[in-house]
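The values are calculated or read from the model by the stated rules, or taken from the named source; none is laboratory data. Note that the structure is a prediction, hence the values are computed from the model and not measured. As a convention, Cβ positions derive from the backbone with ideal geometry for all residues, glycine included, and neighbour counts pool all protein chains shown.
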Amino acid sequence: MSRITWPNGARCAAAITFDMDADSLIHIAAEDGWRRAYPVSMGRYGPTVAIPRIVETYRRLGLKQSFFIPGWCLETYRQAVETILEGGHEIGCHGWIHENPLNRSREQQAGDLDRSLDAFDRIVGHRPSGYRAPVYQVTEHTVDLLLEREFIYESSMMADDVPYLIRAPNGNSGGDLVEIPPHWGNDDWPPFAHYEEIGYMMPVRGPSEGLAPFFEEFEAAYEAGGFWMAVVHPFLTGRLARWRVMERWLEGVLERGDVWFATLDEIARHVLAERDRGADIRIEQFPYYTERQQ
């Protein structure tokens, strides 16, 4: 594992990040999604009920964290966006309406990005430095498209335990994209998602059982002096009992005093600073393949 020295002598870096998909998922999954009131209402729980709860916890604990929001959700749930921004948190790009990039041409992917960036300009007031692909589906075009639009980091690929660098064909030593890797073991879809309309019918776990693997993953990262990141959704983990479990765990971790909780923008910029001072940050050439392998 590449060794990254974290600020202020911290043993490891950590973040609890949220993908505020809201009901974009149901609209992109079915042409009649707008008529499906039950799943729409489940998605709406995120921005309307969970976001104020989550932001209040972060305020109380003095944390700034990262939220990834599709452009359509920026436009649809402006009060939630204002709440996040008033808390001093980062908002990253998460596509336009949670479209699957694998189903889109390069031109369509570029259009989705630019449409979302236009919403950032108008609603957030500045462009994002980070991107997380809907459904984690980075394509062979994604890194180039992000570098062309001056993104600093990406958070969808899973090739390491700690942040690393991605170099695309048009990249150079100063133009690498920081990859801040997620993993399904720290994602709340497997334990909590039950969403027939988009093909997720998981056996829903109880709050403590469902979140226990996250905490075990954290202890391994802490022991290794590495990096831990949760990828969760307001309408799933932001529900009352689940967030209570997460909140109490978070209080205990913060008492250790040697865990650096930061936004992904802060982590990415720190990784670039580490690279510039000569730290051994692993680089992966992208794309991995340029044609079908047989």
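Report yes if some residue within the range 174-182 is part of a strand (DSSP E or B), touching a Gly at 6+ places or on another chain (Cβ under 9 Å) and buried (at least 19 other Cβ atoms within 10 Å of the Cβ); otherwise report no.
Yes; the residues of the range 174-182 include at least one that is part of a strand (DSSP E or B), touching a Gly at 6+ places or on another chain (Cβ under 9 Å) and buried (at least 19 other Cβ atoms within 10 Å of the Cβ).
Filter the range 192-217 for residues that are hydrophobic (A, V, I, L, M, F, W, C) and in contact with a helix residue (DSSP H, G or I) (Cβ under 7 Å, 6 or more places away or on another chain); which is farthest from GLU247 (Cα to Cα)? By that ranking, first place goes to ILE198.
Exactly one residue out of ARG248, ARG239, ARG277 is under 22 Å from VAL55 (Cα atoms) and surrounded by fewer than 16 Cβ atoms within 10 Å (Cβ to Cβ), and it is ARG248.
Evaluation of SER41 against the conditions (1) out of contact with any Ser or Thr (no Cβ under 7 Å at 6 or more places or on another chain); (2) at pLDDT 95 or above shows that the sole unmet condition is (2). Confirm whether GLU150 is in a loop (DSSP other than H, G, I, E, B), among the acidic types (Asp, Glu) and surrounded by fewer than 16 Cβ atoms within 10 Å (Cβ to Cβ). Answer is yes for this residue.
Okay, residues lined up against (1) of a type in the set (Asp, Glu); (2) over 17 Å from the mean Cα position of the chain (by Cα); (3) more than 30 Å from GLU31 (Cβ to Cβ):
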residue	(1), (2), (3)
HIS183	no, no, yes
ARG205	no, yes, yes
PHE227	no, no, yes
GLU251	yes, yes, yes
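Number of residues in the range 183-213 that are within 20 Å of HIS98 (Cβ to Cβ), of a type in the set (Asp, Glu) and surrounded by fewer than 19 Cβ atoms within 10 Å (Cβ to Cβ): the value is 2. Is it the case that VAL271 is buried (at least 18 other Cβ atoms within 10 Å of the Cβ), in contact (Cβ under 8 Å) with a residue 40 or more places away in the chain and either closer than 16 Å to ILE54 by Cβ or touching a Pro at 6+ places or on another chain (Cβ under 8 Å) (or both)? Taking the combined requirement at face value, the residue satisfies it.
Step by step: first the residues of the range 158-173, then only those that are buried (at least 21 other Cβ atoms within 10 Å of the Cβ) and in a loop (DSSP other than H, G, I, E, B), then the one that is modelled with the lowest pLDDT. Which residue is that? Looking at the filtered set, the residue picked out is ALA168. Taking helices (runs of 4 or more DSSP H) as the structural unit, those lying wholly within the range 36-139 and holding at least 3 residues that are surrounded by fewer than 19 Cβ atoms within 10 Å (Cβ to Cβ) correspond to 37-45, 51-61, 78-86, 106-119. Of the conditions (1) over 21 Å from ARG127 (Cα atoms); (2) of a type outside the set (Phe, Trp, Tyr); (3) modelled with pLDDT of 90 or more, ARG149 satisfies every one except a single condition; which number is it? Answer for ARG149: the failing condition is (1).
May I ask you to verify whether ILE26 is assigned to a helix (DSSP H, G or I), surrounded by 16 or more Cβ atoms within 10 Å (Cβ to Cβ), under 15 Å from the mean Cα position of the chain (by Cα) and in contact (Cβ under 8 Å) with a residue 24 or more places away in the chain? Before the answer, list the steps.
On the way: assigned to a helix (DSSP H, G or I): yes; surrounded by 16 or more Cβ atoms within 10 Å (Cβ to Cβ): yes; under 15 Å from the mean Cα position of the chain (by Cα): no; in contact (Cβ under 8 Å) with a residue 24 or more places away in the chain: yes.
In short, no.
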